[in-house]
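Asker: Pasting in a structure now, in structure tokens, and then I'll have a few things to ask.
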Amino acid sequence: MMQRTHHCSALRAADLGASVVLMGWVDTRRDHGGVVFFDLRDREGITQVVIDPQQVPALETVARTLRSEFVVVVQGIVSARPDGMTNPKLATGAIEVRALQCEVLNAAKPPPFEIGEATTAAEETRLKYRFLDLRRPPMQRMLRQRHVAAQIARRYLAEHGFIEVETPVLTKSTPEGARDFLVPARQTPGNFYALPQSPQLFKQLLMVAGLERYFQIVRCFRDEDLRADRQPEFTQIDIEVSFLPRDPFLDLCEGLVVALWREVLGVELRRPFDRLSYAQALGAYGTDAPDRRIPWQLVDCTDAFRGSEFRAFAEAVAAGGIVKALTIPGHSAHFSRAVLDGLPELVAPFGAKGVLPIRCDADGKWNSPLVKFFNEDARAALGHTLGVVPGSVTLFVAGPFKVVNQSLSLLRLHFAKALIPPNPDHYDFCWVLDFPLFEWDDTEQRFVAVHHPFTAPHPDDLEHLANDPGRCRAQAYDLVLNGSEIGGGSIRIHRTDVQSRVFEILQIAAAEAQEKFGFLLDALSYGAPPHGGIAFGFDRLMTILTHASSIRDVIAFPKTARGYDLMVNAPSPVNPQQLTELGLRLKP
């Protein structure tokens, strides 16, 4: 077989007269009265090839039989395209290769969809024939950008003293929130490995080992219900560092993000990123992952309805709930009667009993049943607090804290999607800090960890561990971009007494803690340094950096929203003999 001399994007007018060898796939074929033109495509680009059987009779058969997606090797001479036939849209548009030899290395069946820039194929078809979908130039560009981003991350972290270390894929099942994928251990029947949800415990052990700065671009696994932006196996940039306080560590993480945006997109981000407390985020936006491109903020007006004659709101406040409102200025025309009547259905999944709107007419008059419960001065004060102006609509929700915030956060996003033109080039980053360390689970009647059980309490709240755990803040942090969490982490517990107390609060008995985490507790007792870390969702980062429509587009071989790999047909049954060897039996 001839040896390739150039990729299909490399040739220019300066190469005229050169003898070259190109290899790739036939992209398109055109027959002009016996002279065949075809575009040859490889991963780098396209070159037009001309086969003229009158000049090279030996090529007549191959010229007649070539079809799209045939794999070929071509040897020929670089020539200038005729006047008026150049293609300025192609990097190689000024030249063509006149073939002297052309050999079909492999024929191809007609593909189930066109291998081009765009495709109308259903996603299920693309996933079934993923090896063909990945031939399309936009898919290859995204995978190459993923490669570039990974190299940028490795270089940045290496320059800042981090060492890349691989951690085990077969490990121990531990309670970290989501379900583990389990792997039967054939050599010890009845026992199981787990695939790691993250390298959390191992990277902490690397800090105990004195490595000081670790990173890994690592595969993680969680057996949980899937969403459009979630896969059962995913990749994260995992980082852990010793002897570095929280704020300098966040500065270091910002530098990594800035490097990615600068080198992948050519965008220079403003630093430092804004920092909000968890309480501030929920107060203004109703969520710990706020999209601050939306200019509307929530306003707490609980005190205005405390003891008021408007019973629905007053009773909600008396029961320990809150009242909050969202004002949307300048769009009252959008809020028709049908739109307003549909609001309760939108918030019902969160447990909200309804939404009370105020429309402010062009003359400043309020159109709402609330009017009769406030005198003119009180109405003016409330309107000033809420930002009510002519042409605005204000939406009230009353009830438990979580219900109100979730409901208004959804309404904020719902109407922003309809009323604010999207700007994919606007990147709003912010850190959200000081999450609660615990939250109360009404079903289990106990505290559960908001982040994970190894997150350190805020140093100002250590006293609350003894008598009021619900007041403890965590040294946890999330990096949020345009309403999506792209990274999260925490400062870890490095003292055995604090870790043991946290286990007690979580009702993890000493024996259970020793059985599940004994190696970590043992390690902490041998002089663990103060340490913390973060994990960036690499797939989600790449979806944003490539402006992909789906997280599946930036993963070479993704699964569907139900966790299926349509290409290899997995998951699938296994041979009964395999189950016997593992000591397993399936229940009907």
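Asker: On the basis of being in contact (Cβ under 8 Å) with a residue 12 or more places away in the chain, of a type in the set (Ser, Thr, Tyr) and farther than 30 Å from Phe429 by Cα, does Tyr477 make the cut? Show your work before the answer.
Answerer: Values: in contact (Cβ under 8 Å) with a residue 12 or more places away in the chain: yes; of a type in the set (Ser, Thr, Tyr): yes; farther than 30 Å from Phe429 by Cα: no.
No: the conditions fail for Tyr477.
Asker: So is Ser79 in a strand (DSSP E or B), over 16 Å from Met2 (Cβ atoms) and touching a residue at least 12 places away in the same chain (Cβ under 8 Å) or not?
Answerer: Values: in a strand (DSSP E or B): yes; over 16 Å from Met2 (Cβ atoms): yes; touching a residue at least 12 places away in the same chain (Cβ under 8 Å): yes.
Against the criterion (in a strand (DSSP E or B), over 16 Å from Met2 (Cβ atoms) and touching a residue at least 12 places away in the same chain (Cβ under 8 Å)), Ser79 qualifies.
Asker: Shifting gears a bit: Restricting to segment 135-161, give me the number of residues that are assigned to a helix (DSSP H, G or I), open to solvent by less than 70 Å² (accessible area, probe 1.4 Å) and farther than 20 Å from Gln236 by Cβ. Please lay out each step first, then the result.
Answerer: Just the residues of segment 135-161 that are assigned to a helix (DSSP H, G or I), to begin with: 137-159.
Remaining after also requiring open to solvent by less than 70 Å² (accessible area, probe 1.4 Å): 137-140, 142-143, 145-146, 148-150, 152-153, 156-158.
Applying the additional criterion that residues be farther than 20 Å from Gln236 by Cβ yields 137-140.
Number satisfying all stated conditions: 4.
Asker: Hey, which of the strands (runs of 3 or more DSSP E) in segment 476-581, taking only ones fully inside, have at least 2 residues that are more than 30 Å from Ala185 (Cα to Cα) and acidic (Asp, Glu)? So that I can check it myself, show each step before the final result.
Answerer: Values: elements: 476-481, 484-491, 531-537.
By residue number, no strands (runs of 3 or more DSSP E) qualify.
Asker: Collect the residues in segment 360-388 that are under 21 Å from Ser336 (Cα atoms) and either among the hydroxyl-bearing types (Ser, Thr, Tyr) or in a loop (DSSP other than H, G, I, E, B) (or both), keeping them in residue-number order.
Answerer: Those that are under 21 Å from Ser336 (Cα atoms) and either among the hydroxyl-bearing types (Ser, Thr, Tyr) or in a loop (DSSP other than H, G, I, E, B) (or both): Asp361, Ala362, Asp363, Gly364, Lys365, Ser368, Gly387, Val388.
Asker: Do we have Asp434 as modelled with pLDDT of 95 or more, in contact with a strand residue (DSSP E or B) (Cβ under 9 Å, 6 or more places away or on another chain), more than 30 Å from Ile508 (Cβ to Cβ) and surrounded by 12 or more Cβ atoms within 10 Å (Cβ to Cβ) here?
Answerer: On the way: modelled with pLDDT of 95 or more: yes; in contact with a strand residue (DSSP E or B) (Cβ under 9 Å, 6 or more places away or on another chain): yes; more than 30 Å from Ile508 (Cβ to Cβ): no; surrounded by 12 or more Cβ atoms within 10 Å (Cβ to Cβ): yes.
So Asp434 does not fit the description; no.
Asker: Picking from Glu96, Glu164, Glu117, which residue would you name as being of a type in the set (Asp, Glu), more than 19 Å from Thr546 (Cα to Cα) and open to solvent by 60 Å² or more (accessible area, probe 1.4 Å)? It would help to see each step written out before you state the result.
Answerer: Values: Glu96 fails: open to solvent by 60 Å² or more (accessible area, probe 1.4 Å); Glu117 fails: more than 19 Å from Thr546 (Cα to Cα).
Step by step, each of Glu96, Glu164, Glu117 is checked, and only Glu164 is of a type in the set (Asp, Glu), more than 19 Å from Thr546 (Cα to Cα) and open to solvent by 60 Å² or more (accessible area, probe 1.4 Å).
Conditions tested, residue by residue: (1) in contact with a strand residue (DSSP E or B) (Cβ under 7 Å, 6 or more places away or on another chain); (2) open to solvent by less than 60 Å² (accessible area, probe 1.4 Å).
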| residue | (1), (2) |
| --- | --- |
| Ser19 | yes, no |
| Leu22 | yes, yes |
| Asp31 | no, no |
| Asp39 | yes, yes |
| Gly45 | no, yes |
| Val71 | yes, yes |
| Met85 | no, no |
| Leu90 | yes, yes |
| Gln101 | yes, no |
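Asker: Within the group Asn367, Asn405, which residue is polar (S, T, N, Q) and open to solvent by 20 Å² or more (accessible area, probe 1.4 Å)?
Answerer: Working: Asn405 fails: open to solvent by 20 Å² or more (accessible area, probe 1.4 Å).
One residue alone meets the criteria, Asn367.
Asker: Also: Name every residue in segment 102-156 that is more than 23 Å from the chain's Cα centre (by Cα) and acidic (Asp, Glu), in order of residue number.
Answerer: Residues satisfying the conditions are Glu103, Glu114, Glu117.
Asker: Just checking, which of Leu545, Leu579, Leu541 is surrounded by 16 or more Cβ atoms within 10 Å (Cβ to Cβ) and either without any contact (Cβ under 8 Å) to a residue 24 or more places away in the chain or under 28 Å from Phe202 (Cα atoms) (or both)? Outline the logic, then answer.
Answerer: Working: Leu545 fails: either without any contact (Cβ under 8 Å) to a residue 24 or more places away in the chain or under 28 Å from Phe202 (Cα atoms) (or both); Leu579 fails: surrounded by 16 or more Cβ atoms within 10 Å (Cβ to Cβ).
Sole residue among the options that is surrounded by 16 or more Cβ atoms within 10 Å (Cβ to Cβ) and either without any contact (Cβ under 8 Å) to a residue 24 or more places away in the chain or under 28 Å from Phe202 (Cα atoms) (or both): Leu541.
Asker: Sort through Arg293, Arg219 and tell me the only one that's among the charged types (D, E, K, R), surrounded by fewer than 18 Cβ atoms within 10 Å (Cβ to Cβ) and touching a Ser or Thr at 6+ places or on another chain (Cβ under 8 Å). Reasoning before the result, please.
Answerer: Numbers: Arg293 fails: touching a Ser or Thr at 6+ places or on another chain (Cβ under 8 Å).
After applying the criteria, what remains is Arg219.
Asker: Name the residue, out of Val317, Val299, that is surrounded by 15 or more Cβ atoms within 10 Å (Cβ to Cβ) and either charged (D, E, K, R) or under 29 Å from Ala476 (Cα atoms) (or both).
Answerer: Sole residue among the options that is surrounded by 15 or more Cβ atoms within 10 Å (Cβ to Cβ) and either charged (D, E, K, R) or under 29 Å from Ala476 (Cα atoms) (or both): Val299.
Asker: List the number of the failed condition for Val388; all other conditions in (1) in contact with a Phe, Trp or Tyr (Cβ under 9 Å, 6 or more places away or on another chain); (2) open to solvent by 60 Å² or more (accessible area, probe 1.4 Å); (3) farther than 15 Å from Phe313 by Cβ; (4) not charged (D, E, K, R) hold.
Answerer: (2)
Asker: Let me ask something else. So which of Gly533, Gly489 is buried (at least 19 other Cβ atoms within 10 Å of the Cβ) and touching a helix residue (DSSP H, G or I) at 6+ places or on another chain (Cβ under 7 Å)? Please lay out each step first, then the result.
Answerer: Working: Gly489 fails: touching a helix residue (DSSP H, G or I) at 6+ places or on another chain (Cβ under 7 Å).
Just one listed residue meets the conditions, Gly533.
Asker: For segment 214-255, give me each residue that is small (Gly, Ala, Ser) and modelled with pLDDT of 95 or more. Walk me through it before giving the result.
Answerer: Going through segment 214-255, the residues small (Gly, Ala, Ser) turn out to be 228, 242, 255.
The answer is Ser242, Gly255.
Asker: How many residues are part of a loop (DSSP other than H, G, I, E, B) and under 26 Å from Ile534 (Cβ atoms) if we restrict to segment 432-471?
Answerer: First, pick out the residues of segment 432-471 that are part of a loop (DSSP other than H, G, I, E, B): 434-435, 437, 442-445, 450-454, 456, 458, 462-463, 468.
Applying the additional criterion that residues be under 26 Å from Ile534 (Cβ atoms) yields 434-435, 437, 450-454, 456, 458, 462.
The qualifying residues number 11.
Asker: Another question about this same structure. Please indicate, with yes or no, whether at least one residue in segment 412-421 is more than 30 Å from His547 (Cα to Cα), open to solvent by less than 40 Å² (accessible area, probe 1.4 Å) and not hydrophobic (A, V, I, L, M, F, W, C).
Answerer: We begin by selecting, within segment 412-421, every residue more than 30 Å from His547 (Cα to Cα); these are none.
No, every residue in segment 412-421 fails to be more than 30 Å from His547 (Cα to Cα), open to solvent by less than 40 Å² (accessible area, probe 1.4 Å) and not hydrophobic (A, V, I, L, M, F, W, C).
Asker: If you scan segment 558-576, which residues turn out to be surrounded by 13 or more Cβ atoms within 10 Å (Cβ to Cβ) and either modelled with pLDDT under 95 or within 16 Å of the chain's Cα centre (by Cα) (or both)? Please lay out each step first, then the result.
Answerer: Taking segment 558-576 first, the residues surrounded by 13 or more Cβ atoms within 10 Å (Cβ to Cβ) are 558-561, 563-567.
Selection gives Pro558, Lys559, Thr560, Ala561, Gly563, Tyr564.
Asker: Of the residues that make up segment 443-461, is at least one crowded, with 20+ Cβ neighbours inside 10 Å and of a type in the set (Asp, Glu)?
Answerer: Within segment 443-461 (the criterion being crowded, with 20+ Cβ neighbours inside 10 Å and of a type in the set (Asp, Glu)), the answer is no, since none of the residues qualifies.
Asker: Quick test of your reading of the structure: Arg337 fulfils all but one of (1) farther than 19 Å from Ser409 by Cα; (2) open to solvent by less than 20 Å² (accessible area, probe 1.4 Å); (3) among the charged types (D, E, K, R). Name the failing condition by number.
Answerer: (2) is the only condition that Arg337 fails.
Asker: Considering only residues of segment 320-334 that are touching a helix residue (DSSP H, G or I) at 6+ places or on another chain (Cβ under 9 Å) and open to solvent by less than 30 Å² (accessible area, probe 1.4 Å), which is nearest to Ile420 (Cα to Cα)?
Answerer: Filtering segment 320-334 for residues that are touching a helix residue (DSSP H, G or I) at 6+ places or on another chain (Cβ under 9 Å) and open to solvent by less than 30 Å² (accessible area, probe 1.4 Å), the one nearest to Ile420 (Cα to Cα) comes out as Ile328.
Quick grid of which residues meet (1) farther than 18 Å from Thr455 by Cβ; (2) open to solvent by 10 Å² or more (accessible area, probe 1.4 Å):
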site	(1), (2)
Glu212	yes, yes
Leu226	yes, yes
Asp238	no, no
Val257	yes, no
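Asker: Further question on the same structure: Tell me, yes or no, whether segment 190-200 has at least one residue that is in a helix (DSSP H, G or I), over 30 Å from Gly266 (Cα atoms), among the aliphatic types (A, V, I, L, M) and at pLDDT 95 or above. If you could, list the steps in order and put the result at the bottom.
Answerer: Initial filter on segment 190-200 (in a helix (DSSP H, G or I)): 200.
Within this subset, residues satisfying the condition of being over 30 Å from Gly266 (Cα atoms) are 200.
Those left that are additionally among the aliphatic types (A, V, I, L, M): none.
No: zero hits.
Asker: Within segment 234-254, take every residue that is within 19 Å of the chain's Cα centre (by Cα) and assigned to a helix (DSSP H, G or I) and give me the one that is nearest to Gly532 (Cα to Cα). So that I can check it myself, show each step before the final result.
Answerer: Filtering segment 234-254 down to residues within 19 Å of the chain's Cα centre (by Cα) leaves 234-239, 253-254.
Still in the running and assigned to a helix (DSSP H, G or I): 253-254.
Numbers: Cys253: 12, Glu254: 15 Å.
Out of the qualifying residues, it is Cys253.
The values are calculated or read from the model by the stated rules, or taken from the named source; none is laboratory data. Values in this document were obtained by computation on a predicted structure and should not be read as measured data. Reconstructed Cβ throughout: ideal geometry from the backbone, glycine too, with neighbour counts over all protein chains shown. Just so you know, the surface numbers come from the protein's heavy atoms only, side chains and all, with ligands and any DNA or RNA stripped out. Shrake-Rupley method; radii C 1.70, N 1.55, O 1.52, S 1.80 Å.
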